[in-house]
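Novice: Before I ask anything, here is the structure I am working with.
A short reminder: the numbers here are calculations on the coordinates, not readings from a lab. This structure is a prediction, so every number in the text was calculated from the model and none was measured. With ideal geometry, Cβ positions are generated from the backbone for all residues, glycine too; neighbour counts draw on all protein chains shown.
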Amino acid sequence: MERDGDFNGATIISKARLLHGGRVATRSVITGEGEMKSLGLMHPGTYRLTTEAPETVEILQGSCRVKLAGEQAWNTYQAGERFSVPANSFYEIEADDVLDYVTHHGQAGGAAPA
């Protein structure tokens, strides 16, 4: 089993948050430092997602196209890349294959999470 992090002091919300008829699923993690993150899995499709706090979405596996609110162009992101969404906004995301990702809540500007 691949291990990407130490979960000491973290709180894991075990109940999944299911969106778009279960085609998008996330589980929340609150780090020992109080940072909120969501571990997500998205089935192929196009979805509109909203934000309350700023978010940075880090793609772990797969690729997607993203169009932020107010923009006309779609941008492509793949594993190892990230994009940011401002608070109180939305974005459209299109995945051709299953997309594995982490959302870092409260972070914007593409800054690397600690």
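Novice: Is at least one residue of the stretch 87-102 surrounded by fewer than 17 Cβ atoms within 10 Å (Cβ to Cβ), farther than 26 Å from Thr31 by Cβ and in contact with a Phe, Trp or Tyr (Cβ under 9 Å, 6 or more places away or on another chain)?
Specialist: yes
Novice: So Met36 fits all but one of (1) within 25 Å of Asn8 (Cβ to Cβ); (2) surrounded by 19 or more Cβ atoms within 10 Å (Cβ to Cβ); what number is the exception?
Specialist: It is condition (2) that Met36 fails.
Novice: I'd like the full set of residues that are more than 17 Å from Thr26 (Cβ to Cβ) and either hydrophobic (A, V, I, L, M, F, W, C) or in contact with a Leu (Cβ under 7 Å, 6 or more places away or on another chain) (or both), limited to the stretch 53-86.
Specialist: Once the filter is applied, which keeps residues that are more than 17 Å from Thr26 (Cβ to Cβ) and either hydrophobic (A, V, I, L, M, F, W, C) or in contact with a Leu (Cβ under 7 Å, 6 or more places away or on another chain) (or both), the stretch 53-86 yields Leu68, Ala69, Ala73, Trp74, Ala79.
Novice: A further question on this structure: Of these, Leu49, Leu18, which one is under 27 Å from Asp96 (Cβ atoms), aliphatic (A, V, I, L, M) and either part of a loop (DSSP other than H, G, I, E, B) or free of Cβ contacts under 8 Å to residues at least 24 places away in the same chain (or both)?
Specialist: Checking each option against the conditions leaves just Leu18.
Novice: Can Thr26 be described as closer than 20 Å to Val98 by Cβ, more than 14 Å from the chain's Cα centre (by Cα) and either not in a loop (DSSP other than H, G, I, E, B) or not basic (Lys, Arg) (or both)? Steps first, answer last, please.
Specialist: Values: closer than 20 Å to Val98 by Cβ: yes; more than 14 Å from the chain's Cα centre (by Cα): no; either not in a loop (DSSP other than H, G, I, E, B) or not basic (Lys, Arg) (or both): yes.
Here the answer is no, as Thr26 does not meet what is asked.
Novice: Of all residues in the stretch 58-85, how many are assigned to a loop (DSSP other than H, G, I, E, B) and within 13 Å of the chain's Cα centre (by Cα)?
Specialist: Summing the residues that are assigned to a loop (DSSP other than H, G, I, E, B) and within 13 Å of the chain's Cα centre (by Cα) in the stretch 58-85 gives 4.
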